[in-house]
Amino acid sequence: MSASAALQAGPAPVSDSYRPVSVSELRRRLAEGGELALVDVREEGERSRDGHILQSVPLPLSQIELRAAALLPRFGAPVVVTDEGSGERAVRAARRLAALGYENVAVLEGGVAAWAAAGGIVYTGSNVLSKAFGEFVEHAYGTPRLPAREIKARLERGEDLVILDGRTFQEFETFHIPGAHAVPNAELPYRVHDLVRSDETLVVVNCAGRTRSIIGAQALINAGIPNPVVALENGTMAWLFEGYDLAEGDRQPVPAPDGEGLEKARAAVAHLTRRFGVRTLDGEGLARFETERGEHTLYLLDVRTREEYEAGHLPGALWAEGGQLVQATDRWVGTRNARVVLLDDENAVRAAITASWLIQLGVGDVYVHSIDPASDRLERGAEHQRVLGPVPTVAVITPAGLERLIATDAAVVLDLDTSLAYAKGHVPGARFAVRARLPEGLDVLPPRPLVLTSADGRLAAFAAAELGGSGRQVSVLEGGTAAWRAAGLPLETGETALLHAADDVWRSPYQEAGDRHAAFRRYLDWEIDLIHQIERDDTVSFKVYP
């Protein structure tokens, strides 16, 4: 069955094509420790809003061809698909996964609703496994913290302290505490030593909310830094609560360490290895793992900076900046209890701290491998996204051709990118739509030819093929919205025309409309309460290392 046919086919009894999995069987399989992927195929905003199983990972039905290969790299690994409980999207997704080559796909009977009815804990929010882990870490290790008011007072008194922002460089440039340094979390044990004046300098780690502040501060403590270290309690949300200003732009690169700083960073690797049992994999071991991909799922994740990754990385390795890998593990590791190899330079500081967290998270069999910069295997350039199945051959229209159609009101444009990307900039007059919900809503549109677009046009091509029987003339904007932008054509901003609800993605409190401080409070209350949820959840397997 083709992917298009699988999408259009209606719900069928799961037993017709796939073995059903009951809640009790899923619980047993989660506890047994074998490889298992539990994928939730609802749109991510729905999943975050309505609740999901903690051990599930998001793989929206709309995005399967684009995201499954990275999230589920072994086609023989067992996959359990779930949705809210109707089974309609779960069955469609199971059929599509099977059509794309996955050999061991099942559907959770009754979905998340059945899990909840059986007493299972259901979680709202995004990247919840990692955020719950952050709350667990704070409670298990007593991570020190200071409120924003205290840190501001110390700054005004001129005390010896340094503020390190553990988020990504892009987030830092959007906003940050004045005077802070951009040091993404996995870089902290590597680069901190050249940023402090002495062993008495107070190190403050912050993020936008809580998790990366906690994980970053505890990472430095676990790495054996002699300095006093604290997390900024509730991050820049707390900073804004106090009415303090934030800065933007102005990222000052923190150079890689050398001399004494590098020696201290290397000492952290030995410290982490002893405490957390971090394992190193040599070239021979990695080669063996690569030959065993058919029996064991293997993730090759490069935890260095983007610039280092693009300067030379191992074939098949994905860029997963170490701090973000801990913050959003479910973005990269879809199969539990798989082999996870973290790739770094010869010092392996960033891989060691990232490995220490993944070991405590209990996500799989974790190893560290140092890349040989002289290897002739290395590839250069940006990460290549592997798309499953051929991108359908469909009718296309150039940006200039679409501009002419729009000028004469001769087409209806549907934008299938995320609602956040749509709001940031879309073809003027385009309506936001969700691929998995099509053809719903088409009957209310003017009876004109449809032109579909997405970020680069590939998602639009998959959707266009599925609309072949809709009775409409359908084409795709060649090169997608990126090509429209590259042609210098105008963009419209805002959620100006929604064919489908803009609940496809989770929105952070910073992205919510309305009272931002109220959104901050709701978010912080939610995150702090995660510790109480995981205390009641017998599927949680976080580990503590004294």
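Please specify each residue of the range 496-524 satisfying the condition of being outside any loop (DSSP other than H, G, I, E, B) and crowded, with 18+ Cβ neighbours inside 10 Å.
Correct list: Ala519, Phe520, Tyr523, Leu524.
If you check Thr335 against the conditions, is it closer than 23 Å to Ala268 by Cβ and among the hydroxyl-bearing types (Ser, Thr, Tyr)? Taking the combined requirement at face value, the residue does not satisfy it.
Test Gly429 against the criterion of being more than 16 Å from Ile406 (Cα to Cα) and surrounded by fewer than 16 Cβ atoms within 10 Å (Cβ to Cβ), and give yes or no. Against the criterion (more than 16 Å from Ile406 (Cα to Cα) and surrounded by fewer than 16 Cβ atoms within 10 Å (Cβ to Cβ)), Gly429 does not qualify.
Please find, within the range 394-413, the residue that is nearest to Leu489 (Cα to Cα) out of those that are touching a residue at least 60 places away in the same chain (Cβ under 8 Å) and assigned to a loop (DSSP other than H, G, I, E, B).
Checked the range 394-413; the qualifying residue nearest to Leu489 (Cα to Cα) is Thr398.
For the range 468-485, the criterion of a residue being surrounded by fewer than 17 Cβ atoms within 10 Å (Cβ to Cβ), touching a Leu at 6+ places or on another chain (Cβ under 8 Å) and not in a loop (DSSP other than H, G, I, E, B) is satisfied by at least one position.
Selection of the range 303-327 for residues being part of a strand (DSSP E or B) and either closer than 20 Å to Glu171 by Cα or assigned by TED's automatic domain parsing to the domain that holds Arg191 (or both) yields only Trp319.
If I go through the range 525-537 residue by residue, how many of them are surrounded by fewer than 14 Cβ atoms within 10 Å (Cβ to Cβ) and out of contact with any helix residue (DSSP H, G or I) (no Cβ under 8 Å at 6 or more places or on another chain)? Step through it out loud before you land on a result.
In the first step, residues of the range 525-537 are kept if they are surrounded by fewer than 14 Cβ atoms within 10 Å (Cβ to Cβ); the result is 525, 528-529, 532, 535-536.
Now drop any that are not out of contact with any helix residue (DSSP H, G or I) (no Cβ under 8 Å at 6 or more places or on another chain), which leaves 525, 529, 532, 535-536.
Matching residues across the range 525-537 total 5.
Exactly one residue out of Leu388, Leu358 is hydrophobic (A, V, I, L, M, F, W, C), assigned to a loop (DSSP other than H, G, I, E, B) and surrounded by 17 or more Cβ atoms within 10 Å (Cβ to Cβ), and it is Leu388. In the set (1) without any contact (Cβ under 8 Å) to a residue 60 or more places away in the chain; (2) surrounded by 16 or more Cβ atoms within 10 Å (Cβ to Cβ); (3) over 24 Å from the mean Cα position of the chain (by Cα), the condition left unmet by Pro447 is number (2). Checked against the criterion of being aliphatic (A, V, I, L, M), outside the structural domain of Leu66 (by TED's automatic domain parsing) and in contact (Cβ under 8 Å) with a residue 40 or more places away in the chain, the candidates Ala513, Ala482, Ala460, Ala519 yield just one match: Ala460. Scanning the range 368-385 for residues that are closer than 27 Å to Leu66 by Cα and either part of a loop (DSSP other than H, G, I, E, B) or out of contact with any Pro (no Cβ under 9 Å at 6 or more places or on another chain) (or both) turns up Arg377, Leu378, Arg380, Gly381, Ala382, Glu383, His384, Gln385. Between Glu242, Glu260, the distinction of being surrounded by fewer than 20 Cβ atoms within 10 Å (Cβ to Cβ) and farther than 26 Å from Glu173 by Cα belongs to Glu260 only.
Could you grab me the full set of residues in the range 487-500 that are of a type outside the set (Val, Ile, Thr) and either in contact with a His (Cβ under 6 Å, 6 or more places away or on another chain) or in contact (Cβ under 8 Å) with a residue 60 or more places away in the chain (or both)?
Listed by number, the residues that qualify are Ala487, Leu489, Pro490, Leu491, Glu492, Gly494, Glu495, Ala497, Leu498, Leu499, His500.
Looking only at residues in the range 486-495 that are assigned to a loop (DSSP other than H, G, I, E, B) and out of contact with any helix residue (DSSP H, G or I) (no Cβ under 7 Å at 6 or more places or on another chain), the one that is surrounded by the fewest Cβ atoms within 10 Å (Cβ to Cβ) is Gly488. Of the helices (runs of 4 or more DSSP H) lying entirely inside the range 134-215, those carrying at least 3 residues that are outside the structural domain of Gln360 (by TED's automatic domain parsing), touching a residue at least 12 places away in the same chain (Cβ under 8 Å) and under 30 Å from Gln511 (Cα atoms) are 148-156, 169-174.
The values are calculated or read from the model by the stated rules, or taken from the named source; none is laboratory data. Small disclaimer: the values here were computed from a predicted structure and weren't measured. When we count neighbours, we look across all protein chains shown, and the Cβ atoms used for this are built from the backbone with ideal geometry, even at glycine.
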